[in-house]
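Written out below as structure tokens is the structure these notes cover.
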Amino acid sequence: MRDRSLSRWLVHVVVLLAIVAGPPGRAVAAPAGAPPQVTIGIVTFLSGAASGPFGLPAKAAAEFWIEKLNHEGGIGGVKIVPVVIDEAGPTDQVVTNYRRLVTDQKVDLVIGYISSANCTAVPAVAEELKALTILFDCGTNRVFENAQYRYVFRTAAHTGIDGIGAARYVLSVKPGIKTIAGLNPDYAWGHDSWDIFEKAIRKLKPDVTVVDTLWPKLMQGQFTSEISKLQADKPDVIFTSVWGGDFVSFIEQAKPRGLFAQSLVVINNDGANVEELGHDTADGIALGFRGPHWISIPNPAGNQLQQQFIDGYRARYKKYPMPHGSYHVVQALQGVKAAYEKAIKAAGRWPGVDDVIKALEYSEFDTPSGRIRLAIGHGHQAVEEAVYGTTKFDPRLGFAGLGGVKVFPVKCVNPPDGVKVVDWIEQGFPGAECP
Amino acid sequence: MDTLTLILLDGIAFASWLFLVSAGLTFAYGVLRILNIAHGSLYAVGAYTGATLAGLVLHSGANPLLAYPVLLGAALLVGLLLGPLLERGFLRRVYDQDEVITLLLTFAIFLILEDGMKLVWGVSPIIVAEPYALLGQLALGGVTYPLYSFLLTGVAILAGLALWVVIDRTRFGKLITSVIHDREISAALGVNVPRICTVAFTGAAMLAALGGAFTAPMVSVTPGISADVIVLAFAVTVIGGLGNVGGGAIGALLVGLLRATAIQFLPALDLFVVYALMTVILLVRPEGLFGGVEVRRI
């Protein structure tokens, strides 16, 4: 009897201590009905050509940011547990993996997808499974232009701002251009990128003529013939959407041949690997960003989250969070956290998926990239500013810095809600507000 | 510069690179009858090793021109280390097996080496661009060519000549030819067939690594380059004739010139023309341009 009473006392003491102390790292009281954890499936490239420049930096950023959020109390006082899976593989396999994540691993939501092909394949399955899914990085503008989804959101801008921003930047720094050329990878991303840029610049300056449209194979690595043709035809501007290894190979091969001195080369995404290029970078390239995702934009002095992101990421990985995927995955996490906490406040309990969707539609939330608004795609698609600048090696950074930076406001580069980007361009950008 | 000269210069430059990356594949098939899927990985290990060692030389303050012999040394090192290891450790066990088994085995080696490279070099790109620009440029009618392109052509010609001399002008080459024709009879006549196979595969591995090492200054050495190169290497090998190194050279030249022509006149079809040529040749001469009986003589 004495033993039993002693153990009962011990249990009471342990329970009391547990209640007083609370779970480790939890700083916020969880609402009624809260689960022990929020499981987020994170899908990003862990292998293949897109892993180095995009997938793994996004994974690194997600892990760092989730750790930070958990330290601050997770989502509404509930710890976030990530389940990271590889995005590599054919689209049908990616869709199967998505199903497994939702049905077998029973994640609460999925944040994923860098490839535009995957972003167009997954939403239909998300709707079927009624699974909250945040597309975090893929570029295609077609996701919410061709369909309307309830369970699918994208918390980063689509590629429309890349091409329109590039056209506006080129004309602001070189207004007298007469000829343009394109060098874009021969798949959907390359064709969409060129289509938007070409339409935008021809609408803004109708006398521009196209002298070359070159379509190298993705990850071709060899640009000898393409560079020769561009040198022979001498366009005023060369637009390219090559990325990762191709971006580096193109710079390595074009720089000694003087292509960047001959023509203004404009790259519509950050190309990735800017930091790794170091002193091998080329000066005079117009480098664009799908959103304000540069080390000084937004200015960390005026954006605490940006400061925390850069400092924390550098301390942990000894690198800058350079490629846009790093910023975009943090935007998704911030959007999810903001929506859950808004829904908790409204419902007074742990929210269901419908409550979170309601809170996320047309929402605004703070991120290291500034305030993000889900303003188009019926409140499911984010808009961002487009940022372009011209590269110049910065000895203090040890890689290319940006000069002549121009930030194009949201309404200058994004179509209004319900308008397709190509239609907006062809109509002459009605309602655009540019400086 | 007129378009024809552009096509010739670009075509030869691309063909040189194609020959370097495909010669080892052709040679290995010629001698060992193995279609080596891991050829691309040997190319990638050559690129990583070349970039790492050349980077060390360039950062050490030594004469930057030393980077070129270092690239060559890196290729020899990779071939000497991985060639015997793969041949003796794995391939030797499946020579008598069905071709599917060898394909699966080399595919497994490809996957293992892919992950091995990530473990050793990580996933961040290795960039060593200096050797590409170091030799200077040649301006020809408004188009500038780096002299490195001509160096690459020289390396490809030397590699081809070296193969020809070894096979056709040395005793060792005669032994290889004998093994190609009949392994059992060669063994019965006292030829050390396992040794010939090891040396031949090591040579093929060196050629793959040579292609990788001399490509490293032109590209970003990053995970995934193995798979990208193997497809083109197969196309060239099939066009020239499996196992025929001379045919491989002609195949590389055809593909290089055809692609350079397409980029000048029909850039949207630059990839299509390569595989269209391969398809036509497979339909008309399934053994490749120089395949058939000649294949076995390499």
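The values are calculated or read from the model by the stated rules, or taken from the named source; none is laboratory data. Note that the structure is a prediction, hence the values are computed from the model and not measured. Cβ sites come from the backbone with ideal geometry, for glycine too, and all protein chains shown count toward neighbours.
Out of the strands (runs of 3 or more DSSP E) lying entirely within region A:329-391, which hold 2 or more residues that are farther than 27 Å from A:Ala60 by Cα and not basic (Lys, Arg)?
A:370-376
Within region B:1-52, count every residue that is at pLDDT 95 or above, surrounded by fewer than 22 Cβ atoms within 10 Å (Cβ to Cβ) and under 30 Å from B:Asp98 (Cβ atoms).
So the answer is 0.
Being farther than 26 Å from A:Asp311 by Cβ and more than 14 Å from chain B (Cβ to nearest Cβ) is the filter here, so list the residues in region A:39-73 that pass it.
Selection gives A:Thr39, A:Gly41, A:Val43.
Consider only pairs whose beta carbons are under 9 Å apart and that are at least six residues apart or on different chains; among these, list those whose first residue lies in region B:208-224 and is more than 7 Å from every other protein chain (Cβ to nearest Cβ) and assigned to a strand (DSSP E or B) and whose second residue is surrounded by fewer than 24 Cβ atoms within 10 Å (Cβ to Cβ) and at pLDDT below 95.
These pairs meet every condition: B:Val221/B:Trp121; B:Val221/B:Ile126.
Is region B:235-251 home to any residue that is under 27 Å from A:Gly52 (Cβ atoms), surrounded by fewer than 24 Cβ atoms within 10 Å (Cβ to Cβ), at pLDDT 85 or above and out of contact with any strand residue (DSSP E or B) (no Cβ under 7 Å at 6 or more places or on another chain)?
Looking for residues that are under 27 Å from A:Gly52 (Cβ atoms), surrounded by fewer than 24 Cβ atoms within 10 Å (Cβ to Cβ), at pLDDT 85 or above and out of contact with any strand residue (DSSP E or B) (no Cβ under 7 Å at 6 or more places or on another chain), one finds at least one in region B:235-251, hence yes.
For region B:80-178, give me every one of the helices (runs of 4 or more DSSP H) that falls completely inside it and has 3 or more residues that are more than 16 Å from B:Val45 (Cα to Cα) and more than 14 Å from chain A (Cβ to nearest Cβ).
So the answer is B:99-121, B:147-169.
Within region A:62-81, track down each residue that is in a strand (DSSP E or B) and buried (at least 18 other Cβ atoms within 10 Å of the Cβ).
Passing the criteria: A:Ile75, A:Val78, A:Lys79, A:Ile80.
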